[in-house]
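Participant: Here it is, the structure in full.
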Amino acid sequence: MQKKILIALTLIAVIAIAIFALKKHEETRVFTPPLFIYTQPAGTSTMSTVGIDGSPVAEKAWATFLSYRQAVKNHDLSALMQVVYTVSDACKDPKQFTECKTRMDKAAEETKDFTRSEFKNVWYDNKQIILSTDWHVEQTDVALAEARKVIYFVIDSIGTPKVLFFTQPEELVYSFLDPNTTKEKLITRLQERIIDTDMDGISNEVETCTYQSADPKTCVKTDPNNKDSNGNGWWDSIEKYIK
Ligand SMILES: [Ca+2]
Ligand SMILES: [Ca+2]
Ligand SMILES: [Ca+2]
């Protein structure tokens, strides 16, 4: 009996997460081929070249991320402000420090299992860095998904990466299981949906508003063949989190 209840609760949780993920992350779904990918620094970046098995850029970003994680764990707001693009409004207002601490606890909990080795992929130029895990297939009793974690950074005027945003729960592109379709076909379809031709962190179907739930009245298109559609230096994915 307990097992049945557990299974039922798990199913409800999976569906809730899937719906949440679709709503929250449909604008941020991205594709990373299962290879180490990098972009050359744009312009006159002084960054070192990326190596195939880890890079100074990625290590610098990861060091920032570790400082971020330590700061939120310690409720150290001044340390936090050194390593983030911006803090939430609650953390800007001393009267809301309790709420700020709650948010820090949440961030600490959400990132506690992130490991350097799983963030195999790095894209960067002189304004931004994206670290991501490979996409991996996750399956529940009702759905199949491609999932991954991503950390977005912006680089400040003296070349220091600052945490902008991270995805937790993971970004998901999913499909409900269909008795008329094989698992292989569903995975193929999911893999098509996460193709990100310009490697800016947003899939082609999201950039072109061709995903199933896209509302033609409100969906904002970006160029699937250009990382920086509006030419202001920020990549299309980063842009969404810059205030
Ligand atoms: Ca793209
Ligand atoms: Ca683009
Ligand atoms: Ca831009």
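Participant: For residues that are farther than 22 Å from Leu164 by Cβ and near ligand 1 (Cβ under 8 Å from one of its atoms), scanning just region 191-223, find the one that is surrounded by the fewest Cβ atoms within 10 Å (Cβ to Cβ).
Facilitator: So in region 191-223, the residues farther than 22 Å from Leu164 by Cβ come out as 191-193, 195, 197, 204-205, 208-219, 221.
With the extra rule that they be near ligand 1 (Cβ under 8 Å from one of its atoms), the set shrinks to 197, 204.
On the way: Thr197: 13, Asn204: 18.
My answer is Thr197.
Participant: Please work out which one of (1) within 11 Å of ligand 1 (Cβ to nearest atom); (2) under 30 Å from Lys60 (Cβ atoms) is the condition Ile151 fails and give its number.
Facilitator: Result: Ile151 fails condition (1) only.
Rule-based calculations on the coordinates, nothing more; no lab input. No experiment lies behind these values; they were computed from the predicted model shown. Reconstructed Cβ throughout: ideal geometry from the backbone, glycine too, with neighbour counts over all protein chains shown.
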